[in-house]
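To keep things clear, I will list the structure first and then write my remarks on it.
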């Protein structure tokens, strides 16, 4: 029996959705907050970087922490330009992305994509929460998600591979970034 494959519809991609981004500066050197739709940097970074170019100028590099990103590309294409993507476990906070442009360095807090709409809206609005509290809230959300996944997969109790909660890590954050 012959098989016919129609590639005219399968090759079309859905249009990219706009980045869920707030560029309200916050204490701790945060220049904004971003709520990605997934943990796929290859799909998420071009949209985010394109949105940031309008406000911060040409972005040349992005640095991420690999803890929450399963695949980190070496580069992404943004409007016909290449933006290098690097990672660091020492100098990079797991809940931040650092963008480099000709104008300097900027940090964006990442709200986990699994976060509910109400909690994400609160984190993006700030609601009087300072930067360390926002990062601890994001830590707590990630810890709950990992624990739920552990329980769903048949685990019993808290696995020893999970990092300690935010209160156990207080004081271990990278130095605050200040713009010159």
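Remarks
- Cα-only Debye scattering, the range 39-84: base-10 log of I(q)/I(0) at q = 0.19, 0.22, 0.31 Å⁻¹: -0.55, -0.73, -1.26
- Distance between the pseudo-spin-label points of residue 84 and residue 43 (7 Å out from Cα toward the beta carbon): 2.8 nm.
Since every read-out is calculated from the coordinates, none of them should be taken as a lab result. Please read these numbers as outputs of a predicted model, since none were measured by experiment. Neighbour counts are summed over all protein chains in view; Cβ atoms, including those assigned to glycine, are modelled from backbone coordinates with ideal geometry.
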